[in-house]
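Nothing in this text is a laboratory measurement; each read-out follows from the coordinates by a stated rule. As the structure is a prediction and not an experimental result, all values here were calculated from the model. For neighbour counting, all protein chains shown are included, and Cβ atoms are generated from backbone atoms with ideal geometry for every residue, glycine included.
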Amino acid sequence: MSSANFVDFKDVWLAYNDELLAQGHYAVEAIDLQVRQGEFIAIVGPSGCGKSTFMKLATGLRMPSKGTVHIAGAPVTGPLKISGMAFQAPSLLPWRTTVDNVLLPLEIVEPYRSNYKQKRAEYEERARALLRKVGLGGYEDQFPWQLSGGMQQRASICRALIHEPQMLLLDEPFGALDAFTREELWCILRDLWTEQKFNVILVTHDLRESVFLADTVYVMSKSPGRFVVRREIDLPRPRDLEITYTPKFTDIVHELRGHIGAMRKSGTEVAQ
């Protein structure tokens with residue numbers, strides 16, 4: 001991994017409007033975060049702590065009230081074209097087939113949009129190859145309503161990756177799935193990341209998920225959100241699901257759970 005920081009937040013604060021800013025009411029405050037090129041980070045914390053707000057800042061959908069955000073060495077001034085996103089709800093368009101849903105970003109994002117008609121066949125083969133990679137071979141021409149929830153989420157991740165983004169942002173992507181499907185998708189995401197080494201920012205409530213997938217886990221405090229714990233996950237890679245049953249893995253999960261539990265009880269920050 002390169003030592004260069006791909007994501008760099010310096011003392012970032014965000015209030016959602018001028019009135020809240022004047023009152024000093026921030027959604028997130030004093031965010032300092034440096035993420036290496038190719039690093040996989042996870043953010044955990046109580047509901048409403050500002051995790052999704054952080055994601056909006058990282059994608060350029062929101063500008064900070066104070067502080068600076070740099071991604072890939074450039075200041076963020078608006079929505080980023082170099083990122084892909086997937087959410088808890090797959091939000092596939094019901095009138096488009098699976099492969100056409102995956103192709104959607106290439107119809108919208110430059111430089112692909114300008115060449116879309118000429119290169120449609122090439123782009124479609126790329127989408128079909130990606131769908132096969134996540135186990136959706138044979139389902140490319142089905143409609144979303146013909147797919148299970150887990151299959152829809154796989155298609156959603158393919159859609160987020162089809163334009164080969166440098167950064168993938170995942171907001172509770174597996175939260176609505178059963179435990180077996182969730183773990184299967186952990187492994188699919190692990191394999192895609194291992195192969196392509198894009199940056200990943202994963203927001204999740206699932207501590208096991210964060211420890212299994214991430215290089216580093218950050219715990220966010222109750223609103224106004226700030227990072228209060230940074231935990232490097234010193235488990236060897238590649239990680240198989242068997243590691244989730246080991247004492248070391250369980251100890252890290254319990255440690256993170258303890259930090260969040262302490263915040264809930266006291267309402268105060270946890271020391272790093």
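Descriptive notes on the structure:
- Region 35-149: relative contact order as a whole-number percent, Cα under 8 Å and 6+ apart: 20 percent
- Structure-based [θ]222 nm, the chain - -39500 (n - 2.57) summed over DSSP H runs of at least 4, per residue, nearest 500: -12500 deg cm²/dmol
- Overall shape: oblate for region 1-52, with the ratio a/c of the largest to smallest alpha carbon gyration tensor axis at 1.5 or above and b/c at least equal to a/b.
- At R0 = 41 Å, FRET efficiency that the Cβ-Cβ distance of Glu110 and Ala89 yields, to 0.05: 0.95
- Of Ser52, Ser221, Ser156, the one that fluctuates the most in a GNM where the chain has Cα springs shorter than 10 Å: Ser52
- Modelled FRET efficiency - R0 45 Å, Lys81 with Thr246, Cβ distances, 0.05 increments: 0.65
- Mean Cα-pair separation over length for region 82-169, i.e. relative contact order, pairs under 8 Å, 6 or more apart, %: 53 percent
- Centroid-to-centroid separation of region 94-158 and region 52-68 [C-alpha atoms, Å]: 29 Å
- Subtracting the Cα-Cα distance of Glu122 and Arg257 from their residue separation scaled by 0.36 nm leaves 44.0 nm.
- Neighbour net charge for Asp171 - beta-carbon separation under 12 angstrom, K R +1, D E -1: +1
- Tally of Lys pairs whose C-alpha atoms are under 19 Å apart, taken over region 1-143, 8 or more apart or cross-chain: 6
- Here the residues Leu256, Leu235, ranked from fewest to most Cβ neighbours within 10 Å of their Cβ, fall in the order Leu235, Leu256.
- Linear extension gain, Thr194 paired with Ala30, 0.36 nm per residue minus alpha-carbon span: 55.9 nm
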